[in-house]
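These notes are about the structure you will find just below.
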Amino acid sequence: MTIELESASLETTYWLENNGGHTPTSTTLHPDFTSLIKPGALFLDVGCGYGRIARQLYALGARGVAFDPNFQELLVGKEGSPNLPFLQACGEQQPFSPYTFDGAVLLGVLGAVNRNEREEILTETVEVLKTGGLIYVAEFALITDPLQRTYYDKKQWVDVYTRDSIVTGEYGSVVVHNTSNGEISFITH
């Protein structure tokens, strides 16, 4: 899979330009969620980066697929965990059949993409889940990350993690709008 940087959003371009193993992350899966994971459950790690969460899922007895658009991150993931399946793909163009996975994890994904891509990613993810499947969405603000701040200043645009604070009054919020009527579908932070 090749992603053309010229047509990619600024957010996607930032993540694609990260060197392997340098995707900033700050959290692990919450115990309330991990307690629901049954051994052998088939999980999808959307925007896996170098696979830290995929490794956590496997340590819990889950199996599945980890994917990310950044090939360099996937190489680092494969090097560190050669038995885990890593795939290069975008969240809004997932190459999976409907009703395949028992659960999905999106850790720091929705706040790292263009506002217009959020609903597409969630729709694609929900479509590949089995009925009653689990979905874990966690977001965190990275506005103090020096690499991002340098990138943003160089590109002269407003930090993606501050955009939705106008609606919520809270930095790091993610607001997803229904594309058919413009109403807010949900807010996460």
Original post:
Do we find a residue being within 11 Å of ASP45 (Cα to Cα), under 13 Å from the mean Cα position of the chain (by Cα) and not polar (S, T, N, Q) anywhere in segment 111-118?
Top reply: no
Original post:
Restricted to segment 78-94, and to residues that are outside any loop (DSSP other than H, G, I, E, B) and modelled with pLDDT of 90 or more, which residue is farthest from LEU110 (Cα to Cα)?
Top reply: GLU79
Subject >> Every residue from segment 108-119 that is closer than 17 Å to ALA89 by Cα and either modelled with pLDDT of 90 or more or of a type in the set (S, T, N, Q) (or both) >> reply: ASN114
Original post:
When segment 97-117 is examined, which residues are found to be in a helix (DSSP H, G or I) and open to solvent by less than 10 Å² (accessible area, probe 1.4 Å)?
Top reply: LEU110, GLY111, ALA112
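The values are calculated or read from the model by the stated rules, or taken from the named source; none is laboratory data. All figures in this text were calculated on a predicted structure; none of them were measured in a lab. The protein model used for the area step is the full one, side chains on, heavy atoms only, and it has no ligands, DNA or RNA in it. Shrake-Rupley method; radii C 1.70, N 1.55, O 1.52, S 1.80 Å.
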